[in-house]
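Notes to accompany the following structure.
The values are calculated or read from the model by the stated rules, or taken from the named source; none is laboratory data. Everything numeric here is computed off the predicted structure, so don't read it as measured data. Using ideal geometry, Cβ is built from the backbone for each residue, glycine included, and neighbour counts are taken over all protein chains shown. Heavy atoms of the whole protein, side chains included, go into the accessibility calculation; ligands, DNA and RNA do not. Shrake-Rupley method; radii C 1.70, N 1.55, O 1.52, S 1.80 Å.
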Amino acid sequence: MSQLDVAIVGAGLSGLSAAIHLQNEGLNIKVFEASDAVGGRARTDVVDGFLLDRGFQVFLTAYPEAQQLLNYEALDLKRFEPGALIHHEGKTHHFQDPFRKPSGVFKTLLNPLANLGDKLKILALRNRHKRLTVDEIFEQPEKTTLQFLREWNFSERMIEHFFKPFLGGVFLDNTLMTSSRMFEFVFKMFGEGYAALPAKGMGALGEQLAAKLSEGTIVLNSAVKKVNPQSITLWDGTEVECSAVLLATDPVVANSIAGLDLPAQMHSSITLYFSADMPPYKSGLLMLNGEADRLVNHVAIPSNIQSSYAPEGKALIAVTILDDQGLDAEALLVEVKKSLRHWFKKELRYWEHLATYKIEHALPVKHNIKIPAKNELKPVRDFLYICGDHTQYGSLNAALNSGRTTADMISWDLATKSS
C-alpha cells in the first residue's frame, strides 16, 4: 500500500462524509472500519425478514447536510405522522400538529395533558424558528431545555407528559438537561420537515454514502489498535503510514486508541423489537409514555411507516428504554411486558420478542453546545484530527457536517504543508 494522504478510522456517517469530501479534493485516502459493514450507529440487521435498526432511530428530512449529500428519492423515504400519541392513566391521548394535519385538530384540542396556551406557544415557537437560521440557533442564549420550556411558560403537565418522553426519545435524556440550543435546532427540523424511515432501514444511509467512494477505499474488519499522528497500527500488526489521521469514532474509542482526553460522556439506549400478526394501533405516530414513573419511554411501529420493515402479514414493534434500571436482559424483557400490558391489554400475549439492542454509546451528552467557526478548527495534535457528532451536537446532521468541515481543514493543512 502506497503512503496515504489520510487514514480515516471509522466508517460511520461522519467518517464517510469526510471521505467523500477528501476524495473530491483528489486525496489518496482509506477508511478503516472495525466491524463488517459501514454506517456506525446507523446500521440495520435483517432478522427473519424484519428490518431491525440498531436502536430505534428516525431520519429528519430537513437536515441541511443530509439534503446536500443524500439522494432522498433513492432512499424511498416514508414519513411518520406529525405529533404523537400519549399513554396516560390507562387512556391514549392524541397530540397532532394541527398545522400539518388539520384532521387531528379536534382530538388535539380535547387532549387534557396540554392547555390552549401550550398549543399557542407551539405555534409561536414554530414562527420563531422559521425566522432563525441554523447558525443563528446555535448562537442563542444557552440554558437547559427544561429551563427554556419553563421560561416559555409551558404547563408542567405538557412538560411532564409530552416533552419529557418525546424529547427523551430524541436526546436520550428525559431529564431535559440537554442544551436549549439542541432543542431549538430539533424543533426547527421537525417544523420544516418530517421524521422518516428509508425503505431499506437506517443502514441505507451509510450504504448510499459508501457507494460514492472509489472501490477499495473502505477496508472492513480492520480494527485500529494504535494511532500516531502520521501512522496507524491495526490489530493484526499492519502499520499504515499516512500524512494525516482522522479519528471518526466515538470519543471513548478515540481516547483509547490515540491516548486523548476528549469529553466522553455518552447517553445509552435500549430497543426491544417484537413481531405481531397485527399492529397494536394503525397510525404512523409514536406512542409516548405519559406517566411520571416510566420504564418504557416510547413505542413505535416502523412497519406502519415502511411496510418493508416486516414480512407481509406481520407488524414490527419497537420499544425504547432509556434506563434499564440495572435489570439484565431477561428481567428487562419481563418488566417491559408487564408495563406494556397496561397499554395493550391481552394483545401483548401474541407478541414475539425478536431482539434487544443495547447501545452503550448512542449519543454524546451535550449540556453546552458551541459550533466552532472554520478558522477555529484545529487538529488535536500535529496532523491528527477528530470528527463526529460529539464535536458538535448529537445528530446525524452534526455527524455529516463535522465530517465535511474537518475534511476541509485537512485538505487545507496538507496543501499548505506541501507548498
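The modelled label-to-label distance between GLN325 and GLU347, using points 7 Å beyond Cα along the C-beta direction, is 2.3 nm. Can you list the aspartates and glutamates whose alpha carbon is less than 12 Å from that of LYS314, not counting same-chain residues fewer than 8 positions off? Within reach: ASP48, ASP277, GLU352. Summary of the geometry: the range 277-335 and the range 159-190, compared by the centres of their Cα atoms, lie 19 Å apart.
What value, in deg cm²/dmol to 500, does the helix sum -39500 (n - 2.57) over DSSP H runs of n ≥ 4 give at 222 nm once divided by the residues of the chain?
Details: 14 runs with 134 residues, N = 419.
The helix contribution divided over the chain gives -9000 deg cm²/dmol.
Quote the FRET efficiency, to the nearest 0.05, computed for GLU25 versus GLU192 with a Förster distance R0 of 25 Å and r equal to the Cβ-Cβ distance.
Calculated transfer efficiency: 0.25.
For the residue pairs LYS130/LYS345; LYS225/LYS374; LYS226/LYS337; LYS130/LYS358; LYS91/LYS188, the alpha carbons lie more than 32 Å apart in LYS130/LYS345; LYS226/LYS337; LYS130/LYS358. Only Cα sites of the range 262-419 enter the Debye sum here, all with the same form factor; the resulting log10 I(q)/I(0) across q = 0.19 1/Å is -1.14, listed in q order. Listed by chain and number, the lysines placed with their C-alpha closer than 19 angstrom to that of LYS378 are LYS370, LYS417; residues fewer than eight positions away on the same chain are left out. The fraction of Cα-Cα pairs per 10 angstrom bin, counted from 0 for the range 309-381, comes to 12, 33, 23, 14, 13, 5 percent, rounded to whole percents. Relative to the longest principal axis of the Cα atoms of the chain, helix 396-418 runs at roughly 10 degrees. Taking every protein chain into account, the accessible area of the range 134-216 amounts to 38 square angstrom per residue (probe 1.4 Å).
Quote the convex hull volume per residue of the range 291-341, based on C-alpha atoms, as a whole number of Å³.
Values: hull volume 5.2 nm³, N = 51.
Spelled out: Cα convex hull of the range 291-341, divided by residues, is 103 Å³.
For the chain, the fraction of alpha-carbon pairs lying more than 27 Å apart is 52 percent, rounded to a whole number. Computed on the Cα trace of the range 112-238, the radius of gyration divided by the Kirkwood hydrodynamic radius gives Rg/Rh = 1.16. Of all beta bridges that DSSP places with both ends in the chain, some 70 percent have antiparallel geometry. When the alpha carbon coordinates of the range 164-300 are projected onto the principal axes, the ranges are 54, 34, 31 Å, largest first.
Using a probe radius of 1.4 angstrom, the carbon and sulfur fraction of the accessible surface of the chain is 50%.
Taking 7 Å steps out from each Cα toward its Cβ at THR416 and ASN153 produces label points 5.1 nm apart.
Computing FRET efficiency as 1/(1 + (r/R0)^6) for GLU139 and ASP261, where r is the C-beta to C-beta distance and R0 is 30 Å, gives about 0.65. Ranked by solvent-accessible area (1.4 Å probe, protein heavy atoms only, all chains present), the residues LYS282, LYS374 order from largest to smallest as LYS282, LYS374.
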